[in-house]
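Scroll down for the structure; my scribbles are underneath it.
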Amino acid sequence: MNPMTRPAHILLVEDRRMDVELTLDAFREARLSNTVQVAYTGEQALDYLFGRGAFADPDKRQVPDLILLDLKLPGVSGQEVLRQVKSAPDLKRIPVVVLTSSREDRDRIESYDNGVNSFLVKPITFDGFMEVVKQVDNYWLSLNVPPPAD
């Protein structure tokens, strides 16, 4: 059982507003109590994670318990976000789940080479998407035991 005593905080990195709304709707529909911070670009995600720019004030950000990451982002790619997260001593233990529409073998290979914890292809239907969200919550935020805090 996960020792987390507060609702999990999720960083959702997704550039398509429709997919953001679908994800947030799925979380609401599943009645999950997690808090979600949305980053619409890879650069915004990195600023949030590293406390830069608009997120330099520590009161404006919370280190996420899970990162849901799309690969196809404008500017800084999802792969670059993944590389930087997994190479940062303070962030590398945060589970990163790629949630993408890509079924390309090269995207999966590169993601795992860069340290992704899980690679999920976005389902086409809302019901399928709901099931993925529930499974992500069940495994990564409920069953999975995170490393101890430093």
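For region 56-98, name all the residues that are in contact (Cβ under 8 Å) with a residue 60 or more places away in the chain and not charged (D, E, K, R).
66, 68, 73, 78, 81
Please specify each residue of region 120-150 satisfying the condition of being assigned to a loop (DSSP other than H, G, I, E, B) and closer than 25 Å to residue 102 by Cα.
122, 123, 124, 125 - these are the residues of region 120-150 that are assigned to a loop (DSSP other than H, G, I, E, B) and closer than 25 Å to residue 102 by Cα.
Check whether at least one residue in region 70-88 is crowded, with 18+ Cβ neighbours inside 10 Å, out of contact with any Leu (no Cβ under 7 Å at 6 or more places or on another chain) and either among the aromatic types (Phe, Trp, Tyr) or closer than 24 Å to residue 134 by Cα (or both), and report yes or no.
Yes, there is a match, as at least one residue in region 70-88 is crowded, with 18+ Cβ neighbours inside 10 Å, out of contact with any Leu (no Cβ under 7 Å at 6 or more places or on another chain) and either among the aromatic types (Phe, Trp, Tyr) or closer than 24 Å to residue 134 by Cα (or both).
I'm checking my understanding of the structure. Among residues of region 89-99 that are among the β-branched types (Val, Ile, Thr) and surrounded by fewer than 21 Cβ atoms within 10 Å (Cβ to Cβ), which one is farthest from residue 128 (Cα to Cα)?
Going through the qualifying residues, I end up with 94.
Suppose the filter is farther than 15 Å from residue 77 by Cβ, among the polar types (S, T, N, Q) and in contact (Cβ under 8 Å) with a residue 24 or more places away in the chain; does residue 144 pass it?
yes
Being within 17 Å of the chain's Cα centre (by Cα), farther than 20 Å from residue 149 by Cα and not hydroxyl-bearing (Ser, Thr, Tyr) narrows it down to one residue among 69, 49; which is it?
Exactly one residue qualifies, and that residue is 69.
Read the figures in this text as sums done on the coordinates, not as results from a lab. This is a predicted model, so every value here is computed, not measured. Ideal geometry is used to build each Cβ from the backbone, glycine not excepted, and the neighbour counts take in all protein chains shown.
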